[in-house]
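Visitor: Dropping a structure here in structure tokens format, bear with me for questions.
The values are calculated or read from the model by the stated rules, or taken from the named source; none is laboratory data. Model, not experiment: these values are computed from the prediction. Don't worry about glycine lacking a Cβ; one is built from the backbone with ideal geometry, like all the others, and counts go over all protein chains shown. For accessibility, only protein heavy atoms count, side chains too; no ligands or nucleic acids. Shrake-Rupley method; radii C 1.70, N 1.55, O 1.52, S 1.80 Å.
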Amino acid sequence: MINSLRNSTFYTMIDVKAKINSFFIFNSSFGPREGDELQRILFYHPSQTSADAQKMQVGLCEAVVKFMSTFSSEPCEALQTQTKRYIFYQPEKGYWMVLVVRIPYTTKALSAIGESRGAADIINPSVMYDLLKSAYKMFRMFRGPFKNYPIEEIYTICDQFYTPYISSRNLSNDITDVIQGINYLPLDKNSFFKVLCFIDLLEVNYPHFKCISFIYNEQLIWNGLSTPDMLTLYQYLVQSLLPKQVEKEIQGGAVAAAQRHGRFIHPPEGIHSQADLQKLVKVHLMREDDKETKQYYLVVYRTMSATVCFTVDENVDLQFEMFRSLDAFIGPQLSAIASTISEQCTLHALHTAQLAASEHKFVYFNRLNLAFKTSPTLNKLHPSTAIKPEVLSIIASIHSDKQSLGNYGEIIIKTPDEYWITGKSSNEREFYVIIQEKNANLKEIADEVRRICEAQMKGIFFYPM
Amino acid sequence: MASTSKDVPIVTIEENPPDDLEPGACYDSILNPTDSFEEFASEMSSSLQERNISLAAINSTISEIQSEIGENSAQIKTTKSSDDLQNKDESISASTSNSNLIEQNGDDTDNEKDDYLQTPELVNKEKHVFILSSAGKPIYSRYGNEDKLAGLCGVIQALVSVVEEQNQDILRSITTKDCKAVFLVKGPLILVAVSKSNESETQLVLQLTYAFNQIVSVLTLTQLNRIFEQRRNYDLRRLLSGAERLIDHLLIFMEKDPAFLLGAVRCLPLPEKARENITSAIQSTCNKIRDLVFAIMLAGNQLITLVRMKKYTLHPSDIHLLFNLVRSSESFKTAESWTPICLPKFDSTGFLHGHVSYISEDCQACLLLLTVQRDAFFPLSQAKHTIAEKLRRSNCLVAINDALNRNEELPTTNPLKHIGIPEIRHFMYKCKSTAQLFTSDPISLDKLQDYRMRHKVGGDIMVKKIEKLSDIDYVRNYRRFCSSIHCTSTPAKLIFRSNSSDTILAWVTNGFELYVTFDPLMEKDQAIKAVDRLLKWIKKEEQRIFIMHAPTF
């Protein structure tokens, strides 16, 4: 059961990268005097942009930030011109990250030409803001905060990190970009208990190693990080590390014996000698019981479809022997657990296949544990199951305006092309249903949504019903 | 009928357009119902080059009328408008030297000017509006003294021109979490709104457009352009001495009256017979006056009747400017006035001449007679007195006063009580084909006064305690719904939102727009039934609450 790691379909796939006009990071205090403006620019993509053009863009952004500060104590978030949208993010005081995207001011002219072009062009600004935020969080996880670096180093550090980051980043403009959450794997009590016992036993035997996450395919089973870091690590695993591994496994043909027994996949070449320990990467993370962000070594181990992440305190004297013994301990145990989970998944897939008879799409999201669930894609080759960009954009705006629904609330929106979008909120939980129905009325839609909610979200209570 | 009562009216109405028209619709509209949202959208999607071109070449409706009437239009118009410029210039020349002095004194450093923005006069305001010339000279500031804002205006001008000149782009807006700054370049002017309200970007741009039109209404676009062609650095305040007050009032008016939100005109609810009598009184008196283009009677920001020259209609936004002019000018109450008025949508290149007067001391209805003839005061004054006399004899003044004072016995005074739907807290309805609206709580004169008093002191952001909502609060809540419905990229036809404080339904069809506030957590089928009854009631009362005929001279 090789699962594609991102449930995106090609229908909504738009070339977001082609839409990105530029991406840059600046800090005005780095070149305070006139003539030093170039020093303020820590990173600029595309790098072939002329120095004058870079200075001009950054200068405009500085002016905009300063202008808004006279009216609001909140940091500047966006600048809209006729053809572009500049999205601002200030992760640390004085450090500004700016993403410039080609989004026209109104799509009136576009939609007049024909829906096809206008529709595909919609990227919700909130998606772009999240993109910036995760670009920073990924940097902070692997490199720590910007302010830790002296001015002599920061240019190189940013270049080393962001140049490959940008070229590897994929955006598909589907629902997983609009609502960033974590796909949890539902397990029966016994299987879940097995996972917990395995983690406990391991941490007792190897006290230096702390398990921070347990993932099966791309679904999370167990987490040991604080909530904000959990999403960053999950995205790193699911969007970057694991797809490369899966690709390797597929290219390797039949599952090699070594893979059944498991191996270290972080560092990517594995750990085969004391020298390989030098390749271990340090990360800045906050574990569940930590009071602040600390530095740890990140170790990732994988058997079949199960992936386990550990942190090791940076002060521990690492010995190759430790890793070899760990490998011998985890290998057989993890593959046993992976087979149990695999059986569970097959059962579960059968169960959802029955439910999936309904063609309506739904999305569930819990802000507290970031749990995210969507209706199963019936058939990946069947493009009609994807969500239309306009509908996606409406969901994005409901999702980003939490206040409107309050603790308990419901919104139903009908579009001109007969889509009914329902959003429900109950404390920190959100539930969306998309129904395309020509001759329906409000009451019928509400009844249908209630049926889907009861079938899919047993035990989760949404009011008003 | 059976199907409508079966809890599916929303669909039935939509899928099978009924043979009879939706409430308020008629075949002949007194207003030009161009959707301001669409107009806005097409205007805003133009590129920098297109914008510069569109400013040239505008046809003059006024000279068209004049040539039809058979006068030498060109001559009259040009002499008149240049007269006007000179007159105004002279009358202000005394104070010019004074303002020059201030300008010299006010040449402070940038820092001090930034500090000025933090003074109690300016800090913590919900919405700022700044107007400046494209050279960066301050023209108007909603709060504070624009002389002290020269530094800020310089920054705004620089931002706008950097984006235009270096990026070949147009600056539209800047946002933070709690604040929006919206920019509009119109001809030789730059208009900026900085707002912490819940109004959308589109709604703010529309308000700036209105502010621009208010200036045009005082000067005409032709004159405005010419001034800045001749002297780019001109201090426009010299010519706008009276207009600041008009803009002040207009901004308040726009924040509180849903007419602006919907691009529609509110009518004074009157018995069908009374309105007919008023209209025919005007028609019979004025049909001999050949230069008369429009005769408009209004009261308390509501239209009573409009009689027009065949072929010509008025746009709601021009009527709004007339409402604003009448409401902001106390002097009309004391004497008959003769004033040049430019209606930007009708003809932005020239002035109409208006005879403006209140019908009588005991009736707050105001009559505007607009003509292309610049010396028609006496015939029009004569006509007004004849009309007033006819209205008094036919008891129309009583009917107007009853409506204005919201006599308890009228069904339209408290419509919700009259319909008997207790779940509905508030509603507003716009008939799209006639661009007219009706709300459950027509804003009365004293309420307006109230709001203005409150606003004079403040305009500050206040954390409001939850008491009983006023109609202004309901309208505030509708803003977001209105902008989702009219969103250019992802419009909606229907929105039903229910939370613990209320339930709001926004619904747009080909014929109407309807916004209703219900009790919280309202059941859908109940809401549907209530809306169905509401629409039937509006249909039943349509002759009273809307103007259903489009009379001409």
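Visitor: For the range B:265-404, what is the accessible area per residue in Å² when the probe is 1.4 Å?
Guide: Numbers: 4800 Å² over 140 residues.
It amounts to 34 Å² per residue over the range B:265-404.
Visitor: Is any residue of the range B:118-139 close enough, with backbone N under 16 Å, to a label point placed 7 angstrom from the Cα of A:S69 along the Cα-Cβ axis, and if so, which?
Guide: Under 16 Å, as judged by backbone N against the label point of A:S69, lie B:118 of the range B:118-139.
Visitor: Where the accessible area of the range A:170-250 is counted over protein heavy atoms with a 1.4 Å probe, how much of it, in %, is carbon and sulfur?
Guide: On the way: 1860 of 3220 Å².
Using a 1.4 Å probe with all protein chains present, the range A:170-250 comes out at 58 percent carbon and sulfur.
Visitor: Expressed as a rounded percentage, what relative contact order does the range A:355-456 have, with Cα pairs under 8 Å and six or more residues apart?
Guide: On the way: 122 pairs, mean separation 28.3, N = 102.
Value for the range A:355-456: 28 percent.
Visitor: Can you pull the percent of the range A:355-456's accessible area that's carbon plus sulfur, 1.4 Å probe, other chains left in place?
Guide: On the way: 2060 of 4150 Å².
Of the solvent-accessible surface of the range A:355-456, carbon and sulfur hold 50 percent.
Visitor: Suppose we compare each residue of the range B:161-176 in its chain alone and in the full protein complex with a 1.4 Å probe; which ones drop by at least 50 Å² of accessible area?
Guide: The answer is B:N167, B:D169, B:R172, B:I174, B:T175, B:T176.
Visitor: Would you mind getting the accessible area per residue of the range A:16-178, heavy atoms of the protein chains only, 1.4 Å probe, in Å²?
Guide: Working: 6770 Å² over 163 residues.
For the range A:16-178, the per-residue accessible area is 42 Å².
Visitor: What do you get for trypsin sites (Lys or Arg not before Pro) in the range A:274-371 restricted to DSSP loop and a cutoff of at most 14 other Cβ within 10 Å of the site's Cβ?
Guide: A:K291
Visitor: Which pairs in the list A:K84/A:K438; A:K133/A:K373; A:K93/B:K125; A:K414/B:K273; A:K147/A:K210 are over 32 Å apart, alpha-carbon to alpha-carbon? Mind showing how you got there, number by number?
Guide: Values: A:K84/A:K438 36 Å; A:K133/A:K373 22 Å; A:K93/B:K125 26 Å; A:K414/B:K273 41 Å; A:K147/A:K210 28 Å.
Checking Cα-Cα distances, A:K84/A:K438; A:K414/B:K273 exceed 32 Å.
Visitor: Hey, could you get me the Stokes-Einstein D for the range A:355-456, Kirkwood radius over alpha-carbon pairs, 37 °C and 0.692 mPa s, rounded to whole µm² s⁻¹? Walk me through the numbers on the way to the answer.
Guide: Working: Rh = 14.1 Å.
Roughly 233 µm²/s, to the nearest whole number.
Visitor: Ordering B:R232, A:R85 by accessible area with a probe of 1.4 Å, largest first, what comes out? Intermediate values should be presented prior to the final figure.
Guide: Numbers: B:R232 145, A:R85 45 Å².
From most accessible down to least: B:R232, A:R85.
Visitor: Another one. Within 10 Å of each Cβ in A:80-91, how many Cβ atoms from other chains are there, averaged over the peptide?
Guide: Values: counts 10, 10, 14, 7, 4, 2, 1, 0, 3, 0, 0, 0.
Mean partner-chain Cβ count within 10 Å for A:80-91: 4.
Visitor: I'd like the mean, over residues of B:149-155, of how many other protein chain beta carbons sit within 10 Å of each residue's own Cβ.
Guide: On the way: counts 0, 0, 0, 3, 0, 0, 4.
Mean shielding by partner chains, rounded to a whole number: 1.
Visitor: Which whole-number percentage describes the relative contact order of the range B:336-409, with Cα contacts under 8 Å and a sequence gap of 6 or more?
Guide: Numbers: 80 pairs, mean separation 16.9, N = 74.
Across the range B:336-409, relative contact order equals 23 percent.
Visitor: Can I ask one more? Would you please name the trypsin sites (Lys or Arg not before Pro) within the range B:126-208 that are DSSP coil residues with at most 15 other C-beta atoms within 10 Å of their C-beta?
Guide: Details: sites: B:K127, B:R142, B:K148, B:R172, B:K177, B:K180, B:K186, B:K196; in loops: B:R142, B:K177, B:K196.
Hits after loop and neighbour filter: B:K177.
Visitor: Where only protein heavy atoms count, and the probe is 1.4 Å, what is the accessible area per residue for the range A:189-352 in Å²? Write down the numbers at each step before the final one.
Guide: On the way: 7710 Å² over 164 residues.
Per residue, the range A:189-352 has 47 Å² of solvent-accessible surface.
Visitor: Efficiency by 1/(1 + (r/R0)^6): what FRET value for A:K294 and A:N190, r their Cβ-Cβ distance, R0 = 22 Å, to the nearest 0.05?
Guide: Working: r = 35 Å, r/R0 = 1.58.
Efficiency at R0 = 22 Å is approximately 0.05.
Visitor: For A:F320 and A:K133, compute 0.36 nm times the residue count separating them, minus their Cα-Cα distance, and round to one decimal in nm. Intermediate results must be reported in sequence, preceding the final value.
Guide: On the way: separation 187, 0.36 × 187 = 67.32 nm, distance 3.64 nm.
This chain segment gains 63.7 nm when fully extended.
Visitor: Let me check something: with ligands and nucleic acids excluded, how do A:W222, B:W338 order by accessible area (1.4 Å probe), largest to smallest?
Guide: Details: A:W222 60, B:W338 85 Å².
The residues order as B:W338, A:W222, largest area first.
Visitor: Now for a separate question. Name the GluC sites (Glu not before Pro) in the range B:404-436 that are in a loop by DSSP and that have at most 12 other C-beta atoms within 10 Å, would you? Before the final figure, lay out each step's value.
Guide: On the way: sites: B:E408, B:E409, B:E423; in loops: B:E408, B:E409, B:E423.
Loop-located and lightly packed - B:E408, B:E409.
Visitor: Specify whether the C-alpha gyration tensor of the range B:265-404 places it in the rounded, prolate or oblate class, a ≥ b ≥ c being the square roots of the eigenvalues: rounded for a/c under 1.5, otherwise prolate if a/b is larger than b/c and oblate if not.
Guide: Details: a/c = 1.42, a/b = 1.30, b/c = 1.09.
Taking the square roots of the gyration eigenvalues as a ≥ b ≥ c, the range B:265-404 is rounded.
Visitor: Considering only protein heavy atoms and a 1.4 Å probe, what is the carbon-and-sulfur percentage of the accessible area of the range B:170-239? Write down the numbers at each step before the final one.
Guide: Values: 880 of 1900 Å².
Accessible surface attributable to carbon and sulfur in the range B:170-239 totals 46 percent.
Visitor: Also, quick follow-up: With a 1.4 Å probe, how much accessible area is buried between chains A and B, both sides summed, in Å² to the nearest hundred? Walk me through the intermediate numbers first.
Guide: Details: alone 23340 and 24990 Å², together 43440 Å².
Heavy-atom accessible area buried at this interface is about 4900 Å².
Visitor: A further question on this structure: Can you give the mean number of other chain Cβ atoms that lie within 10 Å of the Cβ atoms in peptide A:408-420? Let's see the in-between values first.
Guide: Numbers: counts 5, 8, 7, 7, 8, 10, 9, 5, 6, 1, 1, 2, 1.
Across the residues of A:408-420, the mean count of other-chain Cβ atoms within 10 Å is 5.
Visitor: With a Förster radius of 41 Å, plug the Cβ-Cβ distance of B:E361 and B:R232 into 1/(1 + (r/R0)^6) and report the FRET value to the nearest 0.05. Don't jump to the answer; show the numbers that get you there.
Guide: Details: r = 49 Å, r/R0 = 1.19.
That pair, B:E361 with B:R232, gives E of 0.25.
Visitor: Could you state how much accessible area A:V100 has, in square angstrom rounded to the nearest 10, with a 1.4 Å probe and all protein chains kept in place?
Guide: 0
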